[in-house]
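Input: a single structure, listed below in structure tokens.
The values are calculated or read from the model by the stated rules, or taken from the named source; none is laboratory data. Only a predicted model underlies this, so the values are computations on that prediction, with no experimental measurement involved. Here Cβ is always computed from backbone atoms with ideal geometry, including for glycine, and neighbour counts include all displayed protein chains.
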Amino acid sequence: MRHYSLSQIFLALNKLLKKHRGWMLLFLLFCASGEAWGNQGETQVRWVDSFSAGTRPGKEGVPPGWALEGTPGPHSKILLRPEEGGYLALVSMSDSFGLRKEMAFDLADSPQLSWRWRVPRHPEGGDIRQKSKDDQAGQIYVIFGRFPLLLNYRAMGYIWDPAAPVGFSGISRTYSRMRYMVIRSGAVGGNGWIEETRELKTDYEKLFQEAPPPVAGVMLFLNTNLTGSLAECHYKNIFFSKPSRRVTPAGTMMSH
């Protein structure tokens, strides 16, 4: 992806990994995790954030539990909206910034990532295939790492691009350890929410041709610095999960 935004993401990853070398090593040794768990029907859920209306309704600024990466310009916003049960709105104008949240768990414990998002406005002229126009409103990254983390981290991005076709994937032009795939393109879904669920192991192995390390965090990003335009993306209900299994009367295992 683009040089400017990926430089910011790379610095953010290094901050995350340097800060947590100790506890990540313990995690790798003991497979410990302190993240919040819940249940949705037959599915075990590890929440990243729901951005529910009760969190900080109508408040501007970084949501609790997240850290800011980059410097939003004077016309950009990070806003928790109370409508529709609550959601996070990120607005970018001629800049590049994002949010990160640190986590630590083995992917086998929560192999799926789900979230809801919509893009009311895409960067005008943005196209991930062109270095000079590489701006997107919708970007969600899963960070992976194994010891030693500064040498062995990986970042996998799911992109909603203004123009590139669904299925387009690539390697960062700057950092080979960061790879991405376009899963939404252009103005789809109108103003409605689109729900995604990804099988992380499958996607990771497709992009990196190796087994995935433990999860180290999640990042949300948006960029408009190259096109000098305005863009907006909304998120809600981001969580990792592991569908439970039940035994049918015939003894066949079925997943939900």
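Quick check, is residue 90 under 19 Å from residue 159 (Cα atoms) and touching a residue at least 24 places away in the same chain (Cβ under 8 Å)? Yes.
A quick yes/no check of all residues on (1) at pLDDT 95 or above; (2) surrounded by fewer than 17 Cβ atoms within 10 Å (Cβ to Cβ); (3) within 17 Å of the chain's Cα centre (by Cα); (4) not in a strand (DSSP E or B):
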| site | (1), (2), (3), (4) |
| --- | --- |
| 143 | yes, no, yes, no |
| 163 | yes, no, no, yes |
| 170 | yes, no, yes, no |
| 181 | yes, no, yes, no |
| 198 | yes, no, yes, no |
| 202 | yes, yes, yes, yes |
| 206 | yes, yes, no, yes |
| 213 | no, no, yes, yes |
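Considering 110, 114, 92, the condition of being at pLDDT 95 or above, among the polar types (S, T, N, Q), closer than 22 Å to residue 215 by Cα and surrounded by 18 or more Cβ atoms within 10 Å (Cβ to Cβ) is satisfied by 110 alone. Contact annotation: residue pairs with Cβ atoms under 8 Å, 6 or more positions apart or on different chains, pairing a residue in segment 190-219 that is in contact (Cβ under 8 Å) with a residue 40 or more places away in the chain with a partner that is among the acidic types (Asp, Glu) and assigned to a strand (DSSP E or B), are 216/102; 217/102; 219/69. Restrict the check to segment 90-99 and report whether at least one residue is under 18 Å from the mean Cα position of the chain (by Cα) and of a type in the set (Asp, Glu). No, because not a single residue in segment 90-99 is under 18 Å from the mean Cα position of the chain (by Cα) and of a type in the set (Asp, Glu).
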